[in-house]
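Taking it in order: structure first as C-alpha cells, then the write-up.
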Amino acid sequence: MTYEAAVVWELFERWGHEEVTGDPGETQSRWTVPHVNHMVLDKWMPTEGAVLDAGCGCGVEVVRLARRGLTVTALDISDSLLEHTRRRVEMAGVLDRVTFVRADLTERLPLPAGHYDLCLALTGVVSHTGVRHREALANLVACCKRGGFVLVGVDSYYGKVR
Ligand SMILES: C[S@@+](CC[C@H](N)C(=O)[O-])C[C@H]1O[C@@H](n2cnc3c(N)ncnc32)[C@H](O)[C@@H]1O
C-alpha cells in the first residue's frame with residue numbers, strides 16, 4: 001500500500017466539509033464516531049496541560065479539550081478542515097486556547113519535542129498514513145512528554161478499534 005499525501009489531502013478537502021449545527025463540542029460528523037472519542041477522552045484527558053490533536057478533522061474533540069481548560073494544538077493535513085475547526089473553536093469561544101498547524105503527520109512536524117501531555121490521533125488518522133504509519137506513530141511519540149500518553153485509533157476490518 002503506497003502513501004500519497006496529495007491523495008489524502010484531496011479526499012478530505014473534497015468530502016470533509018460539514019455545517020456546524022448545535023453544540024460545537026458535540027455535533028455528529030460523518031467522519032468520526034464522537035461518542036467513542038468522548039468515552040476515550042473522558043477516561044484519558046488530563047486535567048491540565050497541553051494536548052496535540054493530530055488529524056483533528058472537524059475539531060469536535062479540540063473544542064471539548066479546550067473547554068476543559070487544556071491548551072490544544074489542532075493539526076491536520078487538510079486546509080479546509082483546519083479552517084472548519086477554527087470556525088468551530090471560535091463558535092465555542094475558546095480560540096485563545098488553540099493553535100492551528102497545517103502539517104502531514106508522516107513528515108517532520110513543526111512542533112516541540114517532548115512537549116505534550118497527551119497526543120491524539122483519533123479515528124482513522126494513522127490508518128490513512130498507510131505504509132508511513134511508523135513515521136506517523138514516531139512523530140506522535142516524539143511530541144509526547146515523558147510519562148504522557150499517546151492515544152491512537154485505527155480503522156480495521158472490524159470497524160473502528162481503539
Ligand atoms: C476520519 S477524520 C478523523 C478526525 C478526528 N480525529 C476525529 O476522530 O473526529 C481523519 C482526519 O485525518 C486527517 N489526516 C489524514 N492523513 C493525515 C496526515 N498524513 N497528516 C495529518 N492529518 C491527516 C484528515 O484530513 C482528517 O481530518
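Mean residue ellipticity at 222 nm, helices only, the chain: -10500 deg cm²/dmol; runs of at least 4 DSSP H residues each add -39,500 (n - 2.57), and the sum is divided by the number of residues. Note on residue 47 and residue 14: the extension gain reaches 8.3 nm, defined as 0.36 nm multiplied by sequence separation minus the Cα-Cα distance.
Normalise the Cα radius of gyration of the chain by 2.2 N^0.38 Å (N = residues in it) and let me know the number.
Details: Rg = 14.3 Å, N = 162, 2.2 N^0.38 = 15.2 Å.
Against the compact-globule rule of thumb, the ratio is 0.94.
For a quick check of your reading of the filter: which chymotrypsin sites (Phe, Trp or Tyr not before Pro) in segment 81-157 sit in a DSSP loop and have no more than 14 other Cβ atoms within 10 Å?
Working: sites: 100, 116, 149, 157; in loops: 157.
Those that pass, being in a loop and sparsely packed, are 157.
Each label was represented as a point 7 Å from its Cα along the Cα-to-Cβ direction; for residue 36 and residue 3 these points are 2.2 nm apart.
Coordinate-derived values only; no laboratory data. The structure displayed is predicted, hence computed values, not measured ones. Neighbour counts run over all protein chains shown; Cβ positions are idealised from the backbone, glycine included.
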